[in-house]
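Okay, so here's the structure we're looking at.
The values are calculated or read from the model by the stated rules, or taken from the named source; none is laboratory data. All figures in this text were calculated on a predicted structure; none of them were measured in a lab. Cβ atoms come from the backbone with ideal geometry, glycine included; neighbour counts cover every protein chain shown. Just so you know, the surface numbers come from the protein's heavy atoms only, side chains and all, with ligands and any DNA or RNA stripped out. Shrake-Rupley method; radii C 1.70, N 1.55, O 1.52, S 1.80 Å.
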Amino acid sequence: MGGSHLVTGIGQLVTCAGPDGDLPVSERAVPAEQRLGVRERAAVVVEDGLVAWVGPASAAPATDEVTDVGGRAVVPGFVDSHSHLVYAGDRSAEFTARMAGEPYDGGGIGVSVAATRAASDDELRRLLAARVAEARALGTTTLEVKGGYGLTVEDEARALRLAREVTPETTFLGAHVVPPEAREDRAGYLRLVTGPMLAACAPHARWVDVFCEPNSPHAFTGEEARVVLEAGRDAGLGLRVHGNQLGPGPGARLAVELGAASVDHCTFLDDADVAALADAADVTVATLLPGVEFSTRMPYPDARRLLDAGVSVALASDCNPGTCNTASMPFVVALAVRELRMTAAEALVAATVGGARALRRDDVGRVAVGARADLVVLEAPGHEHLAYRPGMPIARALDLG
């Protein structure tokens, strides 16, 4: 992107950078309403893909190009810090069965594994590109993408190579579930994950993740998860954890103990889990995925309890073929306000700044000088419409190229 570009005619600009426009992502002490940094009749100047100036439209400098958004609201691009987009196949029958009362236990992942293994590189690349385009059309400008649907050395490495084509935020998830062919030798599969599979995948990954869920026979115990995370850390990867999704478990406290960037789901937390997450709020983010609960009819996580305790909270889509087949962050924001008891301001901050914290990024999630110029235009006068108009396509990433 060359030259300078003025985005003007912004009725309401939400910077998520505080009242002075320079609040870093890492600063948590400022309440969400203040962090929003709302400006009326504002403008933004973009140079070389970065924000160069923010201020009143009446004081905007001259630029090479101008885009007028006609009084619409503008917010930072959503930072979706948890998604599973490299897969083939369809699990709508499983969703239908769950809606009829069948419980979820993680077993359906094997269906996606079989379809993904059978798909060609070109087919997976095409499916991935379409899913990324869907997310961007709904305002997501930063995506984390996991593997986890190959579960062989070759298929996991392939998934991450493809994911790296669309995002730098790639996550090795060989420890998603134990595949059917390895269920009689869990220890052998763990050795594969932490040995040859990790070696093949680490060059294409920034993160390592594990489905730490003793309540599922397909996932991993706390001790198994520790082995995976420590091996990933030794290979130079940052740590992420699927934890406390199906019932109480060790995931949240393991994430805190090992200094993971995030623990995701956090549906079943006891008081000790919440206290540990609050104490570690500058390091470990609790990433909530309410689209999963919507799609599985399980209890929603208690965001109000976490926020009131001082836990750092993010919202993400967990877009995946089995338990949440949507990448719509506006839908996630609406669910957070309606079902997780978050305010509109808290939900927007969690979907932008929270996701940036979960990825340990300071260049996304806010509209501030020096940050990436990831702007989302709303077909609405204010950010509250994200929750006020659920299901409507009111958010779109602004393309200035």
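Structure notes:
- Rolling a 1.4 Å probe over the protein heavy atoms leaves Tyr87 with an accessible area of roughly 10 Å².
- Between Asp22 and Glu47, residue separation times 0.36 nm minus the direct Cα-Cα distance comes to 7.2 nm.
- Dipole magnitude (debye, nearest 20) for the chain, charges at Cβ of Lys, Arg, Asp, Glu: 340
- 0 to 90° range, to nearest 10: angle between helix 153-164 axis and the chain longest Cα axis: 0
- Degrees between helix 329-339 axis and first principal axis of the chain (Cα, 0 to 90, nearest 10): 80
- Each residue of the range 258-275 is assigned a 3J(HN,Hα), and the resulting list reads 8, x, 5, 5, 7, 10, 10, 4, 6, 7, 10, 10, 8, 4, 5, 4, 5, 4 Hz, derived from the Karplus form 6.51 cos²θ - 1.76 cosθ + 1.60 (θ = phi - 60°), x at Gly and Pro.
- Listed residues Ser317, Ser26 arranged by accessible area, highest first, probe 1.4 Å: Ser26, Ser317
- Added length on full extension, which subtracts the Cα-Cα distance from 0.36 nm per residue, Glu33 to Ala100: 20.1 nm
- Acute angle (nearest 10 degrees) that the helix 222-234 long axis makes with the longest principal axis of the chain, alpha-carbon atoms: 60
- Measuring r between the beta carbons of Ser92 and Arg389 and using R0 = 25 Å, the FRET efficiency lands at 0.45.
- Separation of the range 290-343 from the range 59-85 is 24 Å, based on Cα centroids.
- Separation of alpha-carbon centers, the range 155-220 and the range 31-49, rounded to whole Å: 39
- Between Val66 and Glu134, the simple label model (points 7 Å from Cα in the Cβ direction) yields a spacing of 3.9 nm.
- Whether the range 308-366 is rounded, prolate or oblate, judged on the alpha carbon gyration tensor where a/c under 1.5 counts as rounded: oblate
- Scalar couplings 3J(HN,Hα) for the range 305-320, obtained by applying the Karplus form with A = 6.51, B = -1.76, C = 1.60 to θ = phi - 60°, are 4, 5, 5, 5, 7, x, 6, 7, 10, 10, 10, 9, 7, 6, 4, 7 Hz; x denotes Gly and Pro.
- Nearest-0.05 FRET efficiency for Arg126 and Thr221, computed from C-beta distance (R0 41 Å): 0.65
- The range 385-401 - phi-based ³J(HN,Hα) in whole Hz, Karplus 6.51/-1.76/1.60, Gly and Pro as x: 5, 4, 8, 5, 10, x, x, 8, x, 9, 10, 8, 5, 8, 8, 10, x
- Stokes-Einstein diffusion for the range 185-270, with the hydrodynamic radius set to the Kirkwood value over Cα pairs and evaluated at 4 °C in a medium of 1.567 mPa s, equals 101 µm²/s.
- Rg over Rh, two decimals, the range 243-292 (C-alpha only, Kirkwood Rh): 0.92
- The value obtained for the chain, namely the Cα convex hull volume divided by the number of residues, is 121 Å³ per residue.
- Once the Cα-Cα distance is subtracted from the 0.36 nm per residue extended length, the Arg186 to Asp271 segment shows a gain of 27.4 nm.
- Taking every protein chain into account, the 1.4 Å probe leaves Leu50 with about 70 Å² of accessible area, to the nearest ten.
- Each of Tyr149, Tyr104 has its accessible area taken with a 1.4 Å probe; listed largest first, they run Tyr104, Tyr149.
- Taking every alpha-carbon pair under 8 Å whose residues sit at least 6 apart, the chain reaches a relative contact order of 21 percent.
- Hull-based mean projected area of the range 11-86, where the convex hull spans the alpha carbons, in square nanometres: 7.1
- Nearest-0.05 FRET efficiency for Asp363 and Ala309, computed from C-beta distance (R0 41 Å): 0.90
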